[in-house]
2 protein chains.
Amino acid sequence: MTSQTTEDLRRRNLSRVLTLLHEEGARSRAELTREVGLSRSTMAGVVAELIGLGLVTESTPALTGGAGRPSGVVRLAEDVVAVAVNPEVDAVHVGLVGLGGRVVKHVRIETPDTEVATVVGLAAATVRGMLAGDSARVLGLGLAIPGQVRIGDGVVRQATHLGWSEVPIVDEVTKATGLRSWAANAATLAMRAESRFGAGKGVADLVYLIGGASGVGGGAVVAGQLLTGAAGYAGEFGHTVVRPGGARCHCGAAGCLEAEVDQATLLAAVGLDAADAGRLGRELTERLAGRGDEDPDSALAGLVEELAGLLAVAVRNAVNVLNPQAIVLSGFLAALRDAAPVDLVGDAVASIREGVEVRDAALGEEQLMIGAAELVWAELLADPAGFLLGG
Amino acid sequence: MTSQTTEDLRRRNLSRVLTLLHEEGARSRAELTREVGLSRSTMAGVVAELIGLGLVTESTPALTGGAGRPSGVVRLAEDVVAVAVNPEVDAVHVGLVGLGGRVVKHVRIETPDTEVATVVGLAAATVRGMLAGDSARVLGLGLAIPGQVRIGDGVVRQATHLGWSEVPIVDEVTKATGLRSWAANAATLAMRAESRFGAGKGVADLVYLIGGASGVGGGAVVAGQLLTGAAGYAGEFGHTVVRPGGARCHCGAAGCLEAEVDQATLLAAVGLDAADAGRLGRELTERLAGRGDEDPDSALAGLVEELAGLLAVAVRNAVNVLNPQAIVLSGFLAALRDAAPVDLVGDAVASIREGVEVRDAALGEEQLMIGAAELVWAELLADPAGFLLGG
DNA sequence: GTATTTTGTTCGTAAGTCGAACAATCTGCC
DNA sequence: GGCAGATTGTTCGACTTACGAACAAAATAC
């Protein structure tokens, strides 16, 4: 199915070169030749084909200082973009993201309700507005959904915070915008962004945990591949057990990480509003250290330590099962870790624990836009010519 | 690195055809052509090359009853074998396994101690004995180790039950036998066998849990690929937490599945000896139902339910994170599940839970021999010609 | 015994990669 | 300014592989 005829060789080579540019940025054709390992003549053909497809451009100079004929710099075409859409409880984020993960535009549209028709209508109108008068080539649309999305047909099985259930969102959005669309879980896409461009770059085995207002999500990269599971629901670290028989979770079970460790508790403890979640990390650190004339807040210290201990249970399980090279924490989980003196992987099996590095996420607000666009880029990168010629 | 020149096409096609025969058994060349999707002329070349390598044979008739010229049956060469070695606490298992997972020979050699030199010496001698006067072509040796094995260099980091630590077992065995050798964790290899030939056959996303005298191990298949993790230690489900602050585990932490749910407890409860572990399942079922003049054993029922509940915590976590299509239980965990009325995935997230099937392992005693041999077969199947011509 | 069906074989064509030879264009040096 | 050296782009022939059409082979169907 995948590869028998010689044309598949060219497909793979197009894919490899474009993927390298997407992940690592522009470079000279000579460098490309060295890094990919193709002969100069073959690389000439590959780059020419990518230029013909309008995906890359080649600019003449470069002047590296060394001797020899200068090599043209191959860079991603700037007019090639994907639309990114992320529905939230009170607003819809819509963005335009270039090949290479460059966020071109990004707006937040408030929404009166989260009805599917409302959200889809708003998103479609915003997209049309964004593209008006713009010469960009839009190759597709990616949706980041706060809930479970079935891989394959893009149906939202359950998105509690939006009140959605069994919504064929990909079909709806395709109909409303005319763009080829894909959808996936938001936490998974946030990880995808961190994995390609952020704290998880170059890491083949990665665990990602993100905490926000709506709970705890996550994802993993296994052997360089995104972990999807059989139906696309994998990575629900928020619903792993950290205290059997503990707090009841909206998933129906008890003692889930998401039910035991939540952002609201921490915000309340430091007297912050939900809107100020971004300041949580600094606030926690300062209160625990004591600032100005205040004493260190020992009650808060107890809470933080308890919550970090619960997080450590989930992390320990993830580490023992997946043996990752790194764990990336995002949102309030990063804040919690920075404030707490707990070694999150201390209780993992010794030989596994050694190789793990715990890091904070590196990407900011635009994480989700980049991740959603990756849904489109993944399709393009796998088969550049096939994608554009109506794959 | 992996595929640019046209020769790689042939490598992939050799691999695909041989892999199909390995997994699914002999079939006619016409069937191969249909299933793999190559043209008749190309398949003729591929089969001819595999015959030239001595890996398959083609027998003439077939006579399927239908009209048309009969197609020769292609089957795996019977003289191609791998050696499988599995050191245990009191014995070493040594076997000869044919391509296709056929166990040709299998012996258990008692060992006076588990010193590395003793075990390696015994294994090497047994292998020499097995092969004496045999015309088999031995392509390599696979080791199933009850402990953590570092991928890449085949060093045993820790094997508590053998008392091994930092043992370069692959080097030692290669030196002693002259065979190309590979090693991996035994539970992982048991899963590998079930995944290819047993209860997990054809399942692309699989979780496997095995319980034995030495604890609980496991493994997983993710997107059709074996889960190894960054260093090869992945799948330690036995050290996931099922009761925070619970029983202390030899891994240093507390509340591990392996520490909370163990075979000895169950055996003691039904009055069986460690040697009779194989009868545990039937014994449990009978006692719980009541047999002959006895009443159902309600104390035992309580114990079984408690242990099954703890197992359910580990299973729930695995399911929520990996979204597998099936879970395979082996050893005393299968016995426990068969005896207990607990729905092991009942507390998993709804959309994930739906698609999961819990099964008992299908392979018996020879599981580990088959799995260890798969270490060799995996290398061969990835590049048949390269492997034989000194890859 | 002949037509039909299915499969193996042969051979010409197309696609793709590589490597050698040559051309182009820079730096460095006098 | 001109020439040697270095590096890279370009062209072209050789090689490998896969495919498909035409033909041959060997069974069943009638």
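The figures follow:
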{"quantity": "Label distances, nm, B:SER39 versus same residue in remaining copies, Cβ-directed 7 Å point", "calculated": "2.3"}
{"quantity": "Nearby aspartates and glutamates by direct alpha-carbon distance to A:LYS175 (threshold 15 angstrom, same-chain neighbours under 8 apart not counted)", "calculated": "A:ASP153"}
{"quantity": "Average beta-carbon neighbours from other chains, 10 Å sphere, peptide A:346-357", "calculated": "6"}
{"quantity": "Pseudo-label separations to other copies for A:ARG137 - Cα-to-Cβ vector, 7 Å, nm", "calculated": "5.0"}
{"quantity": "Estimated distance in nm for a label pair at B:THR5 and B:ALA264, the labels positioned 7 Å out from Cα along Cα-to-Cβ", "calculated": "5.8"}
{"quantity": "Potential extension, B:ARG34-B:THR57 segment - 0.36 nm per residue separation minus Cα distance", "calculated": "6.4 nm"}
{"quantity": "Between 0 and 90°, nearest 10: helix A:367-382 axis offset from chain A longest Cα axis", "calculated": "40"}
{"quantity": "Cβ-Cβ FRET estimate between B:ALA301 and A:ALA117, R0 fixed at 41 Å, reported to 0.05", "calculated": "0.15"}
{"quantity": "Near-label residues of segment A:306-337 by backbone N, under 16 Å of a point 7 Å along Cα→Cβ of A:ALA289", "calculated": "A:335-337"}
{"quantity": "Alpha carbon convex hull of segment B:250-375, volume per residue in cubic angstrom", "calculated": "147"}
{"quantity": "Cleavage-rule hits (trypsin sites (Lys or Arg not before Pro)) in segment A:307-391: DSSP loop, at most 16 neighbouring Cβ within 10 angstrom", "calculated": "none"}
{"quantity": "Proximal lysines to A:LYS105, defined as alpha-carbon separation beneath 21 angstrom and excluding residues fewer than eight positions away on the same chain", "calculated": "none"}
{"quantity": "Position A:ASP8, label points 7 Å along Cα→Cβ, spacing to each other copy in nm (shortest first, one decimal)", "calculated": "1.2"}
{"quantity": "Net charge, B:HIS22 excluded, C-beta distance under 10 Å - Lys, Arg +1, Asp, Glu -1", "calculated": "-2"}
{"quantity": "GluC sites (Glu not before Pro), loop per DSSP, at most 11 other Cβ atoms within 10 Å - longest free stretch of chain A", "calculated": "A:1-293"}
{"quantity": "Using a Förster distance of 56 Å, the FRET efficiency for A:ALA44-B:ALA67 (Cβ separation, nearest 0.05)", "calculated": "0.60"}
{"quantity": "Kirkwood Rh in Å, taken over the protein assembly as shown so that all alpha-carbon pairs contribute", "calculated": "28.7"}
{"quantity": "Theoretical gain in end-to-end length, B:LEU388 to B:GLU23 [0.36 nm per residue, Cα-Cα removed]", "calculated": "129.4 nm"}
{"quantity": "Total formal charge among the other residues, if their Cβ is under 13 angstrom from that of B:SER165, Lys/Arg +1 and Asp/Glu -1", "calculated": "0"}
{"quantity": "Cα-only radius of gyration and Dmax that characterise chain A, units Å", "calculated": "22.7, 74"}
{"quantity": "Part-to-part distance (alpha-carbon centres) for segment A:167-225 and segment B:21-61, which is given in Å", "calculated": "41"}
{"quantity": "Between segment B:277-294 and segment A:277-311, the alpha-carbon center distance in angstrom", "calculated": "55"}
{"quantity": "Area accessible to solvent at B:PHE332, 1.4 Å probe radius, in Å²", "calculated": "10"}
{"quantity": "Computed label-point distance, nm, for sites B:ARG137 and A:VAL89 using a 7 Å Cα→Cβ extension", "calculated": "6.6"}
{"quantity": "Heavy-atom accessible area order for A:HIS239, B:HIS250, largest first, 1.4 Å probe", "calculated": "B:HIS250, A:HIS239"}
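The values are calculated or read from the model by the stated rules, or taken from the named source; none is laboratory data. No experiment lies behind these values; they were computed from the predicted model shown. Cβ coordinates were reconstructed from backbone atoms using ideal geometry, including for glycine residues, and neighbour counts include every protein chain displayed. Side chains are part of the model used for accessible areas, which takes the heavy atoms of the whole protein and leaves out ligands, DNA and RNA. Shrake-Rupley method; radii C 1.70, N 1.55, O 1.52, S 1.80 Å.
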